[in-house]
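The values are calculated or read from the model by the stated rules, or taken from the named source; none is laboratory data. What you see is a predicted model; the values in this text were computed from it and never measured. Backbone-built Cβ (ideal geometry, glycine too); neighbour counts: all protein chains shown. What goes into the accessible areas is simple: the full protein's heavy atoms, side chains included, and nothing from ligands, DNA or RNA. Shrake-Rupley method; radii C 1.70, N 1.55, O 1.52, S 1.80 Å.
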Amino acid sequence: MKWKNYKSNAKKKNLYNLTTLNIGGVANYFKLCTSVYDLRIAISWSNKMKIPWFIIGNGSNILFSDDGFHGLVIKLVGNFMRVNINNNSIIAGSGVLLPSLSRHCLANCWSGFEFMCGIPGTIGGAVRMNAGTKQGEIKDHFVSATVLTHDGAIKNLSKEDMQFSYRHSILAKTRDILLSATFAKHKVAPKEDIQKTIKEIIASRRQKQPRIKRNCGSVFKSPPGNKPAGWYIEQVGLKGFRVGDAMISYEHANWIVNLGNAKAYDVKSIISYVEYIVLQKFNVCLEREVLYIPEDL
């Protein structure tokens, strides 16, 4: 693709529709990439134009600025949404949704991937942050990843290369782009048993999570110790605390919901206040799980 034609193919996009919080201004440029070739062109163009770029998955832990994103937002579709299964491993493109991968494993009677059924993210974002629940984490089944570097090279990363830890991987530092990830078969189990576990996980999440779907999932990481972030927030009486149309959920204190027309400023104000109050009360520093874009790039 010629450079002079690329700008006309990358349109402005209202970021409101790209995140589960339904918050954000306008991206100067937005591009759907269906192949590695498309992605290389997009990154190369951004670098040439000296503008920032950002890869978005399902937008479930993202808070875009009210001022928008003055660069290129890329969504990986097409070839990046493929799943290939053989006898011992499964290769998932970075655009594959975790519940979809969980269903593929169910169809093949692979146990151990049930925890993914209720996480509303993609493989790309999940590997980057080592997403997980009490039932498991991405690293538990991870074998290797194929990534695209900033200079356009493709390389493979082993599990050791990824430097996984709680809600972290090396990709958070390097910003290499995950193209696909390979996971190992854990064990074979009767489909009925796997299906039962999935139903139990989904039912449990529905009981605990906000009924309002406009949210970004867990706002804070679990701090050291045996108390989750939500416990501290609840203890200081902040359930239902509201700024504008952003509110701490009554169902789960570690979730912030958008009541209709919340702004990024409202959400950030709540987060800052929570951090301050919990620190004052318990001397505990809560660390954000949700990413501020563009600040956290």
For the chain, what is the calculated [θ] at 222 nm in deg cm²/dmol (nearest 500), taking -39500 (n - 2.57) for each run of four or more DSSP H residues and dividing by its residue count? -9000 deg cm²/dmol
Dipole of the range 209-275, Cα-centred, from +1 at each Lys and Arg C-beta and -1 at each Asp and Glu C-beta, to the nearest 20 debye? 140
Provide the FRET efficiency to the nearest 0.05 for the LYS227-VAL77 pair, computing r from the beta carbons and using R0 = 51 Å. 0.80
Counting DSSP beta bridges with both ends in the chain, the antiparallel % (nearest 5): 75
Distance in nm between label sites at ASP151 and LYS213, each 7 Å beyond Cα in the beta-carbon direction? 4.5
Where does the charge balance sit around ILE123 when Lys and Arg score +1, Asp and Glu -1, over other residues with C-beta under 14 Å from its C-beta? +4
Let's see if you can work this out: charge +1 on each Lys and Arg Cβ, -1 on each Asp and Glu Cβ, no other charges. What is the dipole magnitude of the chain about its Cα centre, in debye to the nearest 20? 680
Can you pull the accessible area of LYS281 for me, 1.4 Å probe, Å² to the nearest 10? 130
Stretch in the chain that is longest and holds no GluC sites (Glu not before Pro) that DSSP places in a loop and that have at most 13 other beta carbons within 10 Å: 1-286
Given a Förster distance of 35 Å, report the FRET efficiency between LYS173 and GLU234 from their Cβ-Cβ distance, rounded to the nearest 0.05. 0.60
Before anything else, pin down the relative contact order of the chain: Cα pairs under 8 Å, at least 6 apart, normalised by residue count, whole percent. 17
With a/c under 1.5 counting as rounded, go ahead and sort the chain into rounded, prolate or oblate using the C-alpha gyration tensor (a ≥ b ≥ c being the square roots of the eigenvalues; past the cut-off, prolate if a/b is larger than b/c, else oblate). oblate
Net charge contributed by nearby residues that have their C-beta within less than 13 Å of VAL143 (K/R +1, D/E -1): 0
Magnitude of the charge dipole, the range 1-155, Cβ model with Lys/Arg +1 and Asp/Glu -1, debye to 20: 720
Which value in nm describes the separation of the simple spin-label points at ASP161 and LEU32, placed 7 Å from the Cα toward the beta carbon? 3.1
Placing +1 on each Lys and Arg Cβ and -1 on each Asp and Glu Cβ in the chain, then taking the dipole about the Cα centre, the residue among ILE23, TYR37, PHE241 whose Cα reaches farthest towards the positive end is TYR37
Length gained when the stretch ALA189-ALA203 is fully extended (0.36 nm per residue, less Cα-Cα span): 2.9 nm
The range 148-297: relative contact order in percent, alpha carbon pairs under 8 Å with at least 6 residues between: 20
For the charge dipole of the range 176-284, defined by +1 on Lys and Arg C-beta atoms and -1 on Asp and Glu C-beta atoms about the Cα centroid, which residue among LEU259, LEU178, GLN209 has the Cα displaced farthest towards the positive pole? GLN209
Just to be sure I understand the rule: take each whole DSSP H helix in the chain, project its Cα atoms onto its long axis, keep it if the span is 24 Å or more and its mean Kyte-Doolittle hydropathy is at least -1.0. Which ones pass? 264-282
What length, rounded to one decimal in nm, is gained on full extension from GLU251 through to THR133, with 0.36 nm per residue of separation minus their alpha-carbon distance? 40.7 nm
Proximal lysines relative to LYS139, as straight alpha-carbon distance under 22 Å, when same-chain residues fewer than 8 apart are discounted: LYS155, LYS159, LYS173, LYS185, LYS187, LYS221
Quickly work out the TYR16-to-ASP296 label distance, labels modelled 7 Å from Cα along the C-beta direction, and quote it in nm with one decimal. 2.3
Lys/Arg +1, Asp/Glu -1 at C-beta; the range 1-155 dipole; positive extreme among LEU63, ASN47, ILE138: ASN47
